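Engineer: Supplied in C-alpha cells, the structure appears directly below.
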Amino acid sequence: MSGMNLNLHLGQRLEQRQILAPRMIQSMEILQLPIMALEERLQQELVDNPALELREPSADDFVDPAAEGDDGPNPDGVLVIKDDAADDFNRLDNFEHHLGEPLSEDHRPSRSFLEEASDRKQDVMASAPSRPQSLQEYLEEQLAYLEVPERELQILRYVIAHIDARGYLDSRGPEGSDPLQELARNFPEGTVDRDEIEDALTTIQKLDPPGVGARDLKECLLLQLTPEVPHRDVVRTLILNHMPDVEHNRLPVIQKRTGLPIQTIQEAIAALRQLNPKPGSAFSSENIPYVTPDVIVERTESGDYEVRLVDDWLPDVHVPRSVIEMARNRDNDPEARKYIRNKIQAATWILDAVRQRKYTLERVTREIVRRQKAFLDLGPDHIEPLKMQDIADAIGIHVTTVSRAVDDKWVETPRGIFPLKRFFGGGTQSATGENIARETIKNKLIEMINSEDKSDPLSDDAIEAMFEAQGLQVKRRTVTKYRKMLAIPSSRERRDWSLPRKHADSPLPEEPDTQPTTPDEPTDES
C-alpha cells in the first residue's frame, strides 16, 4: 500500500459531441412512420396528452399553437428547435388576439357530432371481416360425425390441439424423440398409451384436408395419394426415393434407377406437384396485409405529375382555447399551470413533427417523380438508376433524412402501387456510357430465359455473352446473383429432358448452387 499514488489532478478537455434534442429525436421518429402507424401514434397522443383534442370539422374555435409564430420549415427542411421552454411558452401570450370571449358551451363539440362519430365507428366495426375458421376448429367440427367413445373423443381433441398451422403434427419434444410417445407422456387427463395416440392420429389423417396430421413431408404427400392420382405407384416411388432428384430436375438419374421412360417420369412429377405440402395453409389465421399509400401521384392533362399526400386517415388534433386559457390564468395553482404548459409544449412538438413529416415527404416524392418520369410514362423497364444521395443533394437535406422519409412508405401511381424504395437502385453502364438500371438488367434477364430453347437452356456464361452483345457489361457472377434473386433455377434444372438437344455432343454446363460472395456492384439503397 505504501507505493500507491493517490494524487488528484484537475484539468480541462475540449471535445465535440453531437447531442440530439428530444424534439429532434421525436421529429425523426414521426418522419419514419407510415400513415397508419402515424394515425395510431396520434390516437395514443390523444389518450396520453390532455392538451390535445379532436377538432370538430365545422368549428373555428380551436387554435394550434404550433402553427402560430412560425414561417414553416426552413429551406433546408430542418426544424428550428428552441430548447428554452420559456420561449416556447411565450408563444401562448401572442394568442390573446385569437381568443376572444372565454370558451363557452357553444364552442364545445356538439352531441350530434359525437353521435355521428360513434355511428361511423360502429359502421367500421360492423364491416370488419369476421375471424376465419382455424384448422383445429375445422377438424373438431368433423369429429361430430364420428361415433366414438368419450375417451377416444378426448384423445382426438388432444392430438388435434397439437396440429400446427401447416397441418403437421407438432409434438414439441426433444430432437430425435418419438412424437407420439411425447404426446402420450404429456397427456393432461390421466394416462394414455402410445398406441392410443397413434390410433387417434390415424383417424385424424383420414379427415379433411388430405395430408393433415402428417409427421413429415413424405408422410404428408403419401397421405394424399388416392387411386385417382395419375401414375400413383410412380409418384409413390418418387416421394420415397427421389425427392432430391425431382427438386434438381435430375430426370436421367431417376430414369437410370427406375427404368421408367422420361415421359412417364415427367407426368408423375406433374401429378406430384398437384399435391399440397402444407394442407393447413388454407386455414392460416394470418391476415393479408393491405397497403395504404402515403402519397398519391396523379397524371395531369398537361402530362406532368401531381404529388398529393394522403392525410385522410389522420385525426385532426389541435390544442383547444380552453387549455390555453387555463395555462394563462394566473389565478390557477402554479403546479397545475406548469403541468398544463408542459403538455401544451409536448402537443406543440408532436404537431410540428407531423407538419415537418408532411413537408419532407412531399419534397422527397416530388424529386423522385421528377427523376423517374420515364418510369411513370413508359413502365418499369425505363426506370433510371437513382441513389438516395442524389435526392438529398437535390433538395438540400441529409441522406439519412431521405432514408427515413421513404422507409416503409408506399406511393400510388398510374402504374400501380409501389414502395418508395422501389425507385432507388444502382446500375451499370452500356458501351455508349449510358447508365442502365439494375431493374432493367433483371427484366432483360427474364426475357432471355423465357425465350430460350428449353432443350438446351442458356448457361450463365451464355447470358453474360448475350448482354455483352447488347453493349452491356454484366459479369457472370452478377447474372448468377440476379438469377437467384429472381428464384430462377440453373440451366440444368430448367432443361426439358423430353426434348432432344440440338447439340447433343456438348455436355450441359454445371452452375454453382451457392450465392457469389463478391457482389458486382455496391448496394445503393442505404
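Engineer: Compactness ratio of segment 135-215: Cα Rg over 2.2 N^0.38 Å, N = residue count?
Structural biologist: Here the answer is 1.01, to two decimals.
Engineer: Give a quick list of chymotrypsin sites (Phe, Trp or Tyr not before Pro) in segment 310-399 that DSSP marks as loop, anything other than H, G, I, E or B, with at most 13 other Cβ atoms within 10 Å.
Structural biologist: When the chymotrypsin sites (Phe, Trp or Tyr not before Pro) of segment 310-399 are filtered for loop state and at most 13 Cβ neighbours within 10 Å, 313 remain.
Engineer: Fully extended, how many nm does the chain gain between residue 216 and residue 270 (0.36 nm per residue separation, minus their Cα-Cα distance)?
Structural biologist: Between residue 216 and residue 270, full extension yields an extra 17.3 nm.
Engineer: Which of 485, 466 comes first, and how do the rest follow, when ranked by fewest Cβ neighbours within 10 Å?
Structural biologist: With the sparsest Cβ surroundings first, the list reads 485, 466.
Engineer: Estimate the FRET efficiency between residue 408 and residue 164 by the formula 1/(1 + (r/R0)^6), using the beta-carbon distance for r and 25 Å for R0, to the nearest 0.05.
Structural biologist: 0.25
Engineer: For the cross-link pairs 421/484; 444/484; 387/484, which exceed 19 Å when the distance is taken from alpha carbon to alpha carbon?
Structural biologist: Details: 421/484 21 Å; 444/484 15 Å; 387/484 24 Å.
Where the Cα-Cα span goes over 19 Å, the pairs concerned are 421/484; 387/484.
Engineer: What do the square roots of 5 times the Cα gyration tensor eigenvalues come to for segment 221-282, in whole Å, largest first, as semi-axes of the equivalent ellipsoid?
Structural biologist: Those come to 20, 13, 9 Å.
Engineer: Here is the link list: 373/409; 256/475; 256/481; 373/442. Which ones come out longer than 30 Å on Cα distance?
Structural biologist: Values: 373/409 19 Å; 256/475 37 Å; 256/481 33 Å; 373/442 20 Å.
Those over the limit are 256/475; 256/481.
Laboratory data are not the source of any read-out in this text; all were calculated from the coordinates shown. Computed from a prediction, not measured in an experiment: that's the story for all the values here. We place every Cβ from the backbone using ideal geometry, glycine too, and count neighbours over all the protein chains shown.
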